[in-house]
Structures are given as structure tokens and as C-alpha cells.
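Input: a single structure, listed below in C-alpha cells.
The values are calculated or read from the model by the stated rules, or taken from the named source; none is laboratory data. None of these values were measured; they are calculated from a predicted model. So basically every Cβ, Gly included, is an ideal-geometry build from the backbone, and we count neighbours across all protein chains shown.
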């Protein structure tokens, strides 16, 4: 699998964000990235997924079997929300969870006819400060900080996520 892997520059950027913090891996799947977050220095990773999990226990990773709506009922504040390759259907409860997060880290790809997330997800993220942006042909890492007064124009990944009808090849990406 090439999707969901971090390149060295993405790992470095993500380590600077997660070091010593509690990360909520929202939609963690097979726990691979939850384990990577611990290796990058996260104090703890709460790995949330609606699918049953049959994982080998990993120090620092707490698996939670729940859908986003049920999990949102239990978490009023999130330190770091990590969302990798989110579904391209509207998920209001996921959006609510990332609104509660001090920091949001997105890993995915909305170019080359691949869409991770949905337009409202990316429109919301344009209203937060972009702390790190590390594109890669396999997937892009975007890290978001505090809300900002005026929405940004968006990076290539974000604009492609909003305009999912237009195929935006990675090879033609532009910033700004």
C-alpha cells in the first residue's frame, strides 16, 4: 500500500506537531498510522474506528471501537485530531470532532481523480491557519492550527477537495 505512508519530510513535520501530545486518530483503520504517531513522539494515541479491531496491543495506543457520532458525545476537547484518507461522503460528526481540536492533521489525496474528504470538510479547514503543508505524489500532509478571521485561498490539495468534479493532476499542482 502506498497510500497512508508518510515520507521523511511528512514524518518530520508531523513529529513536531504530535510530540508529547494526545492524538485522536479518527478513522484509524488498521492502526498502522496510530503506531507511527507513537513512534513520532505522541504521548498517547486514541485510535478510533467504527470497524471491529483485532489488533496486537501497542504501547501508547488506545483502541476505541465507535462511530464518530458516539465518540463525539464523549470528547468535548481534542488536542490533536489526525484524519488520514477520510471517506469522501459527508460526515457531520467527524467535522464536529475536528472543530473541537486544537490542531488538525490531514493526510490524504484529492488529486489524480482520488478524493479524500468532502467539500464542506475542506471549506472548514480553509478557515484555520495552515501550520504545515507537505505534498507528495502519494498523499499530502496538511496541519492546521487556530481558526483565522478570513479563509485562505487554499493549497492544491484543499482546492481539489472542494472541487471534486475537476480532476487536478498532482503533476500540475500549484501553491497559493
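Observations
- Condition check for residue 39: at pLDDT 90 or above, closer than 21 Å to residue 139 by Cα and out of contact with any strand residue (DSSP E or B) (no Cβ under 9 Å at 6 or more places or on another chain): yes
- Hey, residue 63 surrounded by 16 or more Cβ atoms within 10 Å (Cβ to Cβ) and more than 17 Å from the chain's Cα centre (by Cα) or not: yes
- Boolean, residue 60 is farther than 30 Å from residue 154 by Cα and in contact with a helix residue (DSSP H, G or I) (Cβ under 7 Å, 6 or more places away or on another chain): yes
- Residue that is nearest to residue 106 (Cα to Cα), among those in the stretch 31-47 that are in contact with a helix residue (DSSP H, G or I) (Cβ under 6 Å, 6 or more places away or on another chain) and crowded, with 24+ Cβ neighbours inside 10 Å: 37
- Leading residue by the ranking (farthest from the chain's Cα centre (by Cα)) among those in the stretch 12-30 that are surrounded by fewer than 16 Cβ atoms within 10 Å (Cβ to Cβ) and within 22 Å of residue 116 (Cα to Cα): 30
- Per-region count, the stretch 68-104, residues exposed (fewer than 14 other Cβ atoms within 10 Å of the Cβ), out of contact with any strand residue (DSSP E or B) (no Cβ under 8 Å at 6 or more places or on another chain) and assigned to a loop (DSSP other than H, G, I, E, B): 6
- Hits in the stretch 139-160 - residues which are in contact with a strand residue (DSSP E or B) (Cβ under 6 Å, 6 or more places away or on another chain) and outside any strand (DSSP E or B): 139, 148, 155, 157
- Output for the stretch 105-116, where each listed residue is in contact with a strand residue (DSSP E or B) (Cβ under 7 Å, 6 or more places away or on another chain) and either surrounded by fewer than 20 Cβ atoms within 10 Å (Cβ to Cβ) or over 17 Å from residue 17 (Cα atoms) (or both): 108, 109, 116
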